[in-house]
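Please read the structure below before turning to the comments.
The values are calculated or read from the model by the stated rules, or taken from the named source; none is laboratory data. Computed from a predicted model, the values in this text were never measured in an experiment. Methodologically, a virtual Cβ is constructed for each residue, glycine included, from the backbone with ideal geometry; neighbour enumeration extends over all protein chains shown. These accessible areas exclude ligands, DNA and RNA; they are computed on the full protein's heavy atoms, side chains included. Shrake-Rupley method; radii C 1.70, N 1.55, O 1.52, S 1.80 Å.
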Amino acid sequence: NFSRVTEFILLGLSDTRELQVLFFIFFFLTYAMVLLGNLLIIVTVRTDPKLSSPMYFLLCNLSFLDICCTSVTSPRMLVDLLSRRKTIAFEDCIAQLFFLHFVGASEMFLLTVMAYDRYTAICKPLHYTAIMSRHVCCVLVSACWAGGFLHSMVQTLLTVQLPFCGPNRIDSYFCDVPPVIRLACTDIYVIEWLMASNSGLISLVCFLVLITSYTFILVTVRVHFTEAHWKALSTCASHVMVVTLFFVPCIFIYLRPFSTFPSDKHICVIYTVLSPVVNPLIYTLRNNEVKVSMWKL
């Protein structure tokens, strides 16, 4: 694509050596918690026959996506925090961008499917087993992965066709669309709006669908006032907190022109590092069945 840039320099989160060491310790412990917590959920769900409902099948897939999402950025960031020269090859940068949007968009779609699953279980309990059969769950999860792949292909193809002839300093700790396309030596007005309408609208639409489904659940709970429905409401409240933590930063970053706003690398930490840590805590500590199965395991 006529680019003369063969590598990028990642500026990271801080230039101060002491802060880099503190960041390394914090993010190393966080990454270890993500791996251990989500792997524990996957093993627990796979080994306990009692956890065979669609909700736990979807939870198992969410844990796998959380591991993938944080593994795209965290290992590279940990290495760079201890390195003097934080460089990444052009091909590696594009690959990181592709996989980040692949698993990120897939997780957005999956969270939407999980909200639909909770809506069906609470608002249509008599039809739940027929609506959310094993086959339907597999189809929905496959659609989430396919949607994430198509989204990522669009973002990647729009990025690689841009010419990069310098500078090559990315004001972030990983390669993402906003900081990378700012370095293109051409007018990116049309491209950035195409990307914003892609990533930003996906984030916004999925978030609105989630909020709508939980609103219907809230209305159902207020009508019935049973103990089981109140328990469902408590679970859904924790789910809303998780999706808000994941979606709001994405909407803030992607649903706007990239070139006219400064880098938001500190906000990116929320959905690339912190959200995958919170997910296993919320979905296990708020669920007695999973906790009992973990103790048995």
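Tabulated values for the structure
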| quantity | calculated |
| --- | --- |
| Segment 20-66: number of residues that are without any contact (Cβ under 8 Å) to a residue 24 or more places away in the chain and assigned to a loop (DSSP other than H, G, I, E, B) | 3 |
| Positions within segment 197-223 being farther than 30 Å from residue 124 by Cβ and in contact with a helix residue (DSSP H, G or I) (Cβ under 6 Å, 6 or more places away or on another chain), in sequence order | 198, 199, 200 |
| Criterion (β-branched (Val, Ile, Thr), in contact (Cβ under 8 Å) with a residue 60 or more places away in the chain and open to solvent by 30 Å² or more (accessible area, probe 1.4 Å)) met by exactly one of 87, 70 | 87 |
| Some residue of segment 142-152 being aromatic (Phe, Trp, Tyr), under 25 Å from the mean Cα position of the chain (by Cα) and buried (at least 21 other Cβ atoms within 10 Å of the Cβ) | no |
| Qualifying residue in segment 96-105 (condition: without any contact (Cβ under 8 Å) to a residue 24 or more places away in the chain and in a helix (DSSP H, G or I)) | no |
| Among the residues listed as 203, 213, 172, 142, the single one being within 25 Å of residue 86 (Cα to Cα) and hydroxyl-bearing (Ser, Thr, Tyr) | 172 |
